Amino acid sequence: MRNQYHSLSTSPSASEPEHTTSTYPAITIQTPPDKAWTRDECRDWLNKVGVEACHLDPREALAKAQLWDWTSVVLITKSERDLRDILGNVLGMEAYARVYDSTVRFFPGHMYVPSKFPGPIEVSSKIP
């Protein structure tokens, strides 16, 4: 009997979700994560970011998005390292950059800053 969850399977089963349709059409990769999003809304956004911004294979993007088990409150407060550990380097860094950018732009002064944040970046005029 064939195991439908076998990770090396290349043939999709009838119950496998469609990669190109979205349960949440209002969510795009430009949509800033809303702190009221459910786990499934976060997964939909992460899937879209994986396919459209990171150019991952749709199946790979969906598999990585399915690793997300929390609401958007956690997505907004995770560090870059945490997101890379959960979602992989490419999708984790892209998701963090988009969350950070949208939080700074839409909620100035309310950004969660990890304790390891190095502080302001000083620009030197002595760049070689």
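The values are calculated or read from the model by the stated rules, or taken from the named source; none is laboratory data. Quick caveat: nothing in here was measured; it's all calculated off a predicted structure. All Cβ positions, glycine included, derive from the backbone under ideal geometry; neighbour counts span all protein chains shown.
A few points about this structure:
- Top-ranked residue in segment 50-61 [being of a type outside the set (D, E) and closer than 11 Å to L91 by Cα; ranked as surrounded by the most Cβ atoms within 10 Å (Cβ to Cβ)]: G50
- Checked against (1) hydroxyl-bearing (S, T, Y); (2) within 19 Å of T23 (Cα to Cα); (3) out of contact with any helix residue (DSSP H, G or I) (no Cβ under 8 Å at 6 or more places or on another chain), T77 passes all but condition (2).
- Residue selected from segment 74-128 under the condition modelled with pLDDT of 90 or more and either acidic (D, E) or over 13 Å from the mean Cα position of the chain (by Cα) (or both), by the criterion nearest to T28 (Cα to Cα): E94
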